[in-house]
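The values are calculated or read from the model by the stated rules, or taken from the named source; none is laboratory data. Quick caveat: nothing in here was measured; it's all calculated off a predicted structure. Neighbour counts run over all protein chains shown; Cβ positions are idealised from the backbone, glycine included. What goes into the accessible areas is simple: the full protein's heavy atoms, side chains included, and nothing from ligands, DNA or RNA. Shrake-Rupley method; radii C 1.70, N 1.55, O 1.52, S 1.80 Å.
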Amino acid sequence: MAPHSRRYVLHGAGVVSVAAISGCVSDESTDREPNGNESTTDGDSGSTETETEADTEAESTDTETEESPHGTPHEYEETVNRSVDSLEGSAPAEQYDAVNSGSRETTGTGESVSLYWRRGYWRTQDTSVAVVDDRLYLAGSGNLAAIDRRDGSAVWTTDLAFDTRGTPAVADGVVYQTAWNGVDGSSGLHAVDAETGERLWHVRSGENVGRAPTVADGTVYTGGGLDTDGLSAHAADSGDERWSASIGQYATTPAVADGVVYVGGGSDDDVVALEADDGTERWRYETTDRVWTPPTVADGTVYAGVRNGMLLALDAADGELLWETSIGSDVRHSVALDEETVYATRSEGLTAIDRQNGRRRWLSDVGDTAPVVVDGAVYVGSGDDVVALEADDGTERWSYTVREITDYDVTVSGVRNTPVVLDGIAYVTTHAGYVYALGTVSDGEGK
């Protein structure tokens, strides 16, 4: 049986093998069938304390299911139509890298996609996969998993915390994951062996950390969350705190470039730059509203979205405003960049902006998540769909509808998380708990 909500399942703290978490195929499914997709089977700040594994007592790995007063949990229906054979490229962090670029030099998908595989894990909240070599790394519902990139099967899963949010970051054989809502003391930052799933260390760096970590030059940086306003820097090998700085509740996932850390103030109206080695503030730009979006840094410019719909371009060296433009309302996601264009999601959909002057190039009513741009196409989650748009004019290349589930009598659906596109395959996580691999099928390969 696939892992269920921690509300009704008591998990142990150990590493569970693939056999313990493979999903069941249900005879009765509440999942929706596809609409117009090629696949024939789917469519669808406090004190800091470091705890190492040697410091913790052994805990049982047995799983006990409690009776739920709200119906029964969903059993995921899984499909493997074909294996992913191309394993080139990596995306070791949210938006691909430490600068939140949202772009990669890799092959995109074709003019249409089919389902390679679909696996059920757990419901996710704003959590994409990190991809390194032949594995995907996924967090959700307090868990962290390594997934075989070829067919989506579980390699290992580790129970970390009450809740895990934010995309994992992977560096030098270690997976770093933030944890939120630490009523059991498990909030903060966790380090896990990427090969085995063994927990290496845990830092209680705040009451709640809901932002993805960023790893750069041997240091792990974490933003804020509810009742957590600090930006923290920790040694990647031990978790020891190097420095912390008060930024604002829900301070964003930071971007790190050329020895400087850039962060949005979250509940505060600022974009802040700090020295990476000691946290000394380099500059602070006061905005006109809250900054929820992680900054993106490229070619000496910092791009940041503001809640009131403004998109800013700031000089990375001194914070001077280069240009600003209104793109709509409530900009909550990182932008994606190619050589000439900034792609940003506002509450009404996606827009493309000239990087040099902030002028709009095109506008779309598609898009709810942070975008990524790969090989001439922009990929974004939009409602119940994953959508690819032509980067030059915003016309739709393809759309794929994901499945919904009924879990404890609650219907859950939608793509809330950024797609990851590598070597011709789009990896997509859904709020319902599925992970998809979508790609173009060549002639003679079949659907």
Apart from one, (1) assigned to a strand (DSSP E or B); (2) β-branched (Val, Ile, Thr); (3) under 28 Å from Arg282 (Cα atoms) all hold for Val380; the odd one out is (3)
Sort through Ala179, Ala161 and tell me the only one that's aliphatic (A, V, I, L, M), assigned to a strand (DSSP E or B) and buried (at least 20 other Cβ atoms within 10 Å of the Cβ).
-> Ala179
Residue that is surrounded by the fewest Cβ atoms within 10 Å (Cβ to Cβ) [pool: residues in the range 315-338 that are within 23 Å of the chain's Cα centre (by Cα), part of a loop (DSSP other than H, G, I, E, B) and modelled with pLDDT of 95 or more] | Asp338
Could you list, in sequence order, all residues of the range 213-228 that are of a type outside the set (S, T, N, Q), at pLDDT 90 or above and in contact with a Ser or Thr (Cβ under 8 Å, 6 or more places away or on another chain)?
-> Pro213, Val220, Tyr221
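Identify the residue in the range 297-314 that is touching a Gly at 6+ places or on another chain (Cβ under 7 Å) and modelled with pLDDT of 95 or more and, among all such residues, is nearest to Asp229 (Cα to Cα).
We begin by selecting, within the range 297-314, every residue touching a Gly at 6+ places or on another chain (Cβ under 7 Å); these are 304, 309, 311, 313.
Next, from what is left, pick out any that are modelled with pLDDT of 95 or more: 304, 311, 313.
Values: Ala304: 19, Leu311: 23, Ala313: 24 Å.
Top of the filtered list is Ala304.
With the structure loaded, tell me whether Trp323 is among the aromatic types (Phe, Trp, Tyr) and farther than 30 Å from Glu348 by Cβ or whether it fails that test. Please lay out each step first, then the result.
Details: among the aromatic types (Phe, Trp, Tyr): yes; farther than 30 Å from Glu348 by Cβ: no.
Against the criterion (among the aromatic types (Phe, Trp, Tyr) and farther than 30 Å from Glu348 by Cβ), Trp323 does not qualify.
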Only residues in the range 150-169 that are within 13 Å of Thr222 (Cβ to Cβ) count as the first member; pair them with residues that are open to solvent by 10 Å² or more (accessible area, probe 1.4 Å) and among the aliphatic types (A, V, I, L, M), Cβ under 8 angstrom, at least 6 apart or cross-chain, and list the lot.
-> Thr167/Ala93; Ala169/Ala93; Ala169/Val215
Considering only the range 183-199, state which residues are farther than 20 Å from Asp97 by Cα and open to solvent by less than 20 Å² (accessible area, probe 1.4 Å).
-> Ser186, Ser187, Gly188, Gly197
Of the residues in the range 350-366, those that are hydrophobic (A, V, I, L, M, F, W, C) and either assigned to a loop (DSSP other than H, G, I, E, B) or in contact with a His (Cβ under 6 Å, 6 or more places away or on another chain) (or both) number 1
Tell me, which residue of the range 389-416 that is under 22 Å from the mean Cα position of the chain (by Cα) and among the basic types (Lys, Arg) is least open to solvent (accessible area, probe 1.4 Å)?
-> Arg403
Among the numbered criteria (1) open to solvent by less than 10 Å² (accessible area, probe 1.4 Å); (2) within 23 Å of the chain's Cα centre (by Cα); (3) modelled with pLDDT of 95 or more, which single criterion is violated by Leu274?
-> (2)
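How many residues does the range 261-297 hold that are part of a loop (DSSP other than H, G, I, E, B) and within 21 Å of Gly166 (Cα to Cα)?
Residues of the range 261-297 part of a loop (DSSP other than H, G, I, E, B): 265, 267-269, 276-280, 287-290, 292-295.
Filter once more, keeping what is within 21 Å of Gly166 (Cα to Cα): 265, 267-268, 290, 292-295.
Here the count works out to 8.
Do we find a residue being more than 23 Å from Arg355 (Cβ to Cβ) and either over 25 Å from the mean Cα position of the chain (by Cα) or surrounded by 22 or more Cβ atoms within 10 Å (Cβ to Cβ) (or both) anywhere in the range 291-311? If you could, list the steps in order and put the result at the bottom.
First, pick out the residues of the range 291-311 that are more than 23 Å from Arg355 (Cβ to Cβ): none.
No, the range 291-311 contains no residue that is more than 23 Å from Arg355 (Cβ to Cβ) and either over 25 Å from the mean Cα position of the chain (by Cα) or surrounded by 22 or more Cβ atoms within 10 Å (Cβ to Cβ) (or both).
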Residue check for Ala304: in a strand (DSSP E or B), small (Gly, Ala, Ser) and at negative phi = yes
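If you scan the range 138-152, which residues turn out to be assigned to a loop (DSSP other than H, G, I, E, B), open to solvent by 10 Å² or more (accessible area, probe 1.4 Å) and modelled with pLDDT of 95 or more? I'd like the intermediate steps shown before the answer.
Within the range 138-152, the first condition is being assigned to a loop (DSSP other than H, G, I, E, B), and the residues that meet it are 141-142, 149-152.
After this cut, where a residue has to be open to solvent by 10 Å² or more (accessible area, probe 1.4 Å) as well, the list is 141, 150-151.
Scanning the range 138-152 gives Arg150, Asp151.
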Can you name the residue in the range 229-270 that is aromatic (Phe, Trp, Tyr) and buried (at least 22 other Cβ atoms within 10 Å of the Cβ) and is also modelled with the highest pLDDT among such residues?
-> Tyr262
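With the condition kept exactly as written, say whether any residue in the range 106-126 is within 11 Å of the chain's Cα centre (by Cα) and either open to solvent by less than 10 Å² (accessible area, probe 1.4 Å) or over 24 Å from Ala377 (Cα atoms) (or both). First the steps, then the outcome.
Step one: filter the range 106-126 for residues within 11 Å of the chain's Cα centre (by Cα), giving 124-126.
Now restrict to residues that are either open to solvent by less than 10 Å² (accessible area, probe 1.4 Å) or over 24 Å from Ala377 (Cα atoms) (or both): 124-125.
Yes, that holds for at least one residue.
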